[in-house]
1. Which of the numbered conditions does residue 156 fail, given that it passes all the others? Conditions: (1) under 17 Å from the mean Cα position of the chain (by Cα); (2) farther than 15 Å from residue 7 by Cα; (3) in contact (Cβ under 8 Å) with a residue 60 or more places away in the chain.
2. Determine if the range 65-75 includes at least one residue that is assigned to a helix (DSSP H, G or I) and within 26 Å of residue 127 (Cβ to Cβ).
3. Just the residues that are in contact (Cβ under 8 Å) with a residue 12 or more places away in the chain and part of a helix (DSSP H, G or I), please, taken from the range 205-227.
4. Please work out which one of (1) free of Cβ contacts under 8 Å to residues at least 40 places away in the same chain; (2) crowded, with 16+ Cβ neighbours inside 10 Å; (3) over 17 Å from the mean Cα position of the chain (by Cα) is the condition residue 140 fails and give its number.
5. Given the conditions (1) closer than 22 Å to residue 159 by Cβ; (2) modelled with pLDDT of 95 or more, which single one is not true for residue 208?
6. Restricting attention to the range 1-16, which residues are in contact with a strand residue (DSSP E or B) (Cβ under 8 Å, 6 or more places away or on another chain) and in contact (Cβ under 8 Å) with a residue 40 or more places away in the chain?
7. If you check 22, 53, which single one turns out to be assigned to a strand (DSSP E or B) and either modelled with pLDDT of 95 or more or more than 21 Å from residue 108 (Cα to Cα) (or both)?
């Protein structure tokens, strides 16, 4: 690892901002970290009502040590963008670690980077990973070789701390955790479909179904398209 560790977050319109900002908050505290938020066009993108500006262009980044691809409802459009996907493949080819949060793993899969690998994803879309030859894994954080994937949204913090421990050791990662006062104690045990009350699960599933059909059809089509 070079003295300066370049960490690229590959963003796109419609990204879920906590998928990005959660792991960014952890990884930017690594020694020598140089974090770059970038998109296909650079400039600005909208993310759940927030605007992220001054983004770099992915094509202008020669290489990185860590590539992180967040998820979001815009991930299907991102997968259909040849320029964006070409940059994901190029940067991943030289990265020490290739990572994702939530449905960012679908983007990695569509880029041909998860063939035969175990990977995490948001629970509602995890099964779609199999379209890309990946092995869906229900764990909150999954490592397979140099690929680290996190489950839905908040799992990005856990994934980033797991990766931090790989890079600077357990003590260093725990120091970052303590500095952030990351000690989750949610008011409800409803963060997983296995523990959520049936009526809550049904409500969320119904909300996701509004976009589910189109997303599933798009993923199936992309899985058969040439890279």
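The values are calculated or read from the model by the stated rules, or taken from the named source; none is laboratory data. Treat the numbers as computed from the prediction; the structure is a model and nothing was measured. Heads up, the Cβs are rebuilt from the backbone with ideal geometry, glycines too, and the neighbour counts pull from every protein chain shown.
1. Tallying (1) under 17 Å from the mean Cα position of the chain (by Cα); (2) farther than 15 Å from residue 7 by Cα; (3) in contact (Cβ under 8 Å) with a residue 60 or more places away in the chain, residue 156 fails exactly one: (2).
2. yes
3. 205, 208, 211, 212, 214, 215, 216, 218, 219, 220, 222, 223
4. It fails just one condition, (3).
5. (2)
6. 5, 6, 7, 8, 9, 10, 11, 12, 13, 14, 15, 16
7. The unique qualifying residue is 53.
Every residue, every condition in (1) in contact with a strand residue (DSSP E or B) (Cβ under 7 Å, 6 or more places away or on another chain); (2) farther than 21 Å from residue 66 by Cβ; (3) surrounded by 22 or more Cβ atoms within 10 Å (Cβ to Cβ); (4) at pLDDT 95 or above, yes or no:
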| site | (1), (2), (3), (4) |
| --- | --- |
| 81 | no, yes, no, yes |
| 91 | yes, no, yes, yes |
| 110 | no, no, yes, yes |
| 163 | yes, no, yes, yes |
| 185 | no, yes, no, yes |
